[in-house]
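The structure under discussion appears below in the form of structure tokens.
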Amino acid sequence: MKKQMTRISILQSSKITTALYVLMGFIYTLIGIPMLIFGGEQLRVAAVVYLMMPIIIGIFGFIFFVLFAALYNLLAKWLGGFECEFTDVE
């Protein structure tokens, strides 16, 4: 059976993707901590940026996904949405 996604809930979807982006941003934190501890003065400045990456990625991820979802909803009206096939499983 085929289903077509014709609309994305902008705010709810953006909250979920923002949470995922923040979690992925913690990878930068793991890189930034040793840089902060063992690095010289210039490396410590970069380390602070790395430590702030979960927040930065979260903000930009939210903004860009809001734009993506709004554009998707607009285009889905004209072109149709993503089409997926589903199978019932016992």
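The values are calculated or read from the model by the stated rules, or taken from the named source; none is laboratory data. Note that the structure is a prediction, hence the values are computed from the model and not measured. Here Cβ is always computed from backbone atoms with ideal geometry, including for glycine, and neighbour counts include all displayed protein chains. With ligands, DNA and RNA removed, areas are computed over all heavy atoms of the protein, side chains included. Shrake-Rupley method; radii C 1.70, N 1.55, O 1.52, S 1.80 Å.
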Might you let me know whether the range 54-75 holds any residue that is loosely packed, with under 14 Cβ neighbours inside 10 Å, under 17 Å from residue 7 (Cα atoms), of a type outside the set (D, E, K, R) and over 17 Å from the mean Cα position of the chain (by Cα)?
yes
Restricting the search to the range 1-14, which residues are within 13 Å of residue 69 (Cβ to Cβ) and either more than 21 Å from the chain's Cα centre (by Cα) or surrounded by 12 or more Cβ atoms within 10 Å (Cβ to Cβ) (or both)?
5, 6, 8, 10, 13, 14
Regarding residue 50, is this residue open to solvent by 60 Å² or more (accessible area, probe 1.4 Å) and either in a helix (DSSP H, G or I) or in contact with a Ser or Thr (Cβ under 6 Å, 6 or more places away or on another chain) (or both)?
yes
Among (1) outside any loop (DSSP other than H, G, I, E, B); (2) modelled with pLDDT under 95; (3) open to solvent by less than 80 Å² (accessible area, probe 1.4 Å), where does residue 37 come up short?
(3)
Within the range 76-90, of all residues that are surrounded by 10 or more Cβ atoms within 10 Å (Cβ to Cβ) and not basic (Lys, Arg), the one farthest from residue 20 (Cα to Cα) is 80
